[in-house]
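Shown next, in structure tokens, is the structure this report addresses.
The values are calculated or read from the model by the stated rules, or taken from the named source; none is laboratory data. It should be emphasised that the depicted structure is a prediction, and the values quoted were computed from it without experimental measurement. Positions of Cβ are generated from backbone atoms using ideal geometry, with glycine treated the same way; all protein chains shown enter the neighbour counts. Ligands, DNA and RNA are excluded from the accessible area calculation, which covers all protein heavy atoms including side chains. Shrake-Rupley method; radii C 1.70, N 1.55, O 1.52, S 1.80 Å.
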Amino acid sequence: MKQLLVRSALPLLILAAGLAVMLALGTRKQETQAPENPGQTPVIETLAVRPFDGDLTLAIDGVVAPVREIEVAAEVAGRVQFKADVCRAGHYVRRGTPLVEIDTRDYELERLRSQKLRERAGAELAELDVEQSNLESLIALAERDRELQQGELDRLLRISRSVSESETDRARRAVLVADNALQTLKNQQTANRVRRDRLQIAAELAEADLQKAELDLQRTKIAAPVDGVIVRDSVEQGGFVQRGTALFRIEDMSSIEVQCNLKMSDVYWLWRQRPTSVASPPEGDEAAAYRLPPTAATVIYQFAGRDDLRFSWQGMLTRFEGSGLDERTRTAPCRVVVARPRDVAFAGPPDRPPFAAGPPALVRGMFVTVLLHVRLESPLVQIPEEALQPGKFVWRVRDGRVTRLGPLALVQHVEDRDATGRPHRFWVTPALEADLSLTDQLVITPVEGMADGASVEVRTVPAAAEKDLPAAGAAAAVARNPSTREPLP
């Protein structure tokens, strides 16, 4: 019995001891470390906000696409009697180059037949004109004969007492015969006028048939409609084609376009180029609400795995592709037009030889980077990368007090190099929206525990980070992702 009581009380004693220790520790006062130098103003290091005088550069990915692709089909039926050697996929041809010819014999015969029909219609009209002229002469003679017969009848009637009645009847009958002959000629003249209209219509139909025959004959010879590259040929010499059969497909290479998708944050900066950001379209120009402001662009192509081989073309952002946003990506499809796809420039490092081999032209399917050069009226400033805090925040020093600003709209990453070649990186942001001025300083030292609005003592960073830098805006712009800070290709 005694052992049972001991076994029952032991767990309770252990539990009570644990509670006692916990209460003892909980009531113990927390030891705090006295701050070092209480009441002293913290000293921080800062860098100055720099102006940015260049254009805002937006980097987007794109793919090259032709301005237009023309599928040329046969307009007449027949056997293909000629196909040029350059009418093969991959060949570049000039506008007007003969590529395909269809057998012309049937169409030459049709043209000859139409020519003869036109000649016959002309001959019939000429014959009718001669007949009409003869009728006019006959009508004149018939009118004179009728006058003579009427005169003779009048003479007989005046001497009717000495003339027999039979002679008078013969005279009357002669007048009637003359009237009938005259009226017959006049009726024939009227019928000839109607006949001439019919022959004129027949002549015009013959002329139309001749033009159609000549047009069909011309259509047997098919030439390149534009300067471009043959991308597909569908027929061979000796084959028979019907009207509408596809012969070849050609891409217009006089200019080329780049398909790209703009985020709405990028479209916002494009709209900011307008005099007012929320301007209504002009009266009577509702289409202005669906247009993009023309924006200069640089198209960059880089060889895979070769950062030193980069080539550029100049273009212009001209329009949206379609209306509205892509439902899958929530981006705005747009088109950049490159008017001179063969005017390529080397865009690699300056120390690279200028004769580096590259693509001679911008062609379909190339994956490129498009740099849009946005010119804004509002001022831009450069923020040192050292001053940027996580979440796109910065600490601004103005009049001896710090203020936390952000998140900032970081739209472009630039890199400057001093005289020693050391790089210095900055982020570009609108000055007004970020509430920054050129007299402000940005904190670059750790700011843990610093309160917004606290007084600080500024210790200027040695000029090594700012001296010998090129003029603001003169640095080569390097587009980067503002969230990861990784350079875009």
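The phi-based Karplus calculation (6.51 cos²θ - 1.76 cosθ + 1.60; θ = phi - 60°) puts the 3J(HN,Hα) values of region 76-87 at 9, 8, x, 8, 6, 9, 8, 9, 5, 5, 7, 7 Hz, whole numbers, x for Gly and Pro. Extension gain, R306 to L215: 0.36 nm times the residue separation minus the Cα-Cα distance gives 27.3 nm. Here the Karplus curve 6.51 cos²θ - 1.76 cosθ + 1.60, taken at θ = phi - 60°, turns the phi angles of region 343-348 into couplings of 8, 9, 10, 6, 10, x Hz, with x standing for Gly and Pro. Looking at region 156-284, the accessible area is 60 square angstrom per residue; that uses a 1.4 Å probe and ignores ligands, DNA and RNA. On the beta carbon distance between E207 and V63, with R0 = 51 Å, the FRET formula returns roughly 0.45. Extension gain for the segment R155 to L19, taken as residue separation times 0.36 nm less the Cα-Cα distance, is 32.1 nm to one decimal. Share of carbon and sulfur in the accessible area of region 187-266 stands at 50%, probe radius 1.4 Å.
For a straight C-alpha distance cut-off of 15 angstrom, the aspartates and glutamates reachable from K263 (same-chain residues fewer than eight places away being disregarded) are D61, E321, D326, E327.
Placing a label point 7 Å from the Cα of S255 along the Cα-to-Cβ direction, the residues of region 290-321 with a backbone N closer than 14 Å are 294-297, 314-320.
For a straight C-alpha distance cut-off of 13 angstrom, the aspartates and glutamates reachable from K186 (same-chain residues fewer than eight places away being disregarded) are E131, E136, E143. Here region 83-137 is treated with +1 on each Lys and Arg Cβ and -1 on each Asp and Glu Cβ, and its dipole about the Cα centre works out to around 740 debye. The stretch between A140 and F346, if pulled fully straight at 0.36 nm per residue, gains 64.9 nm over its current Cα-Cα span.
Under the rule a/c < 1.5 gives rounded, and otherwise a/b versus b/c splits prolate from oblate, where does region 305-349 land using the Cα gyration tensor? Oblate, since a/c reaches 1.5 and b/c is not below a/b. Taking amide H as placed 1.01 Å from N in the peptide plane, the amide H of Q441 sits under 5 Å from that of V397, each at least 5 places away or on another chain.
Annotation note: GluC sites (Glu not before Pro) in region 378-462 located in DSSP loop regions with a Cβ neighbour count of at most 11 within 10 Å are E448. Label sites at T329 and V177, each approximated as a point 7 angstrom past Cα along Cα to Cβ, lie 10.2 nm apart.
Scalar couplings 3J(HN,Hα) for region 128-140, obtained by applying the Karplus form with A = 6.51, B = -1.76, C = 1.60 to θ = phi - 60°, are 5, 5, 5, 4, 5, 5, 5, 4, 4, 5, 5, 5, 5 Hz; x denotes Gly and Pro.
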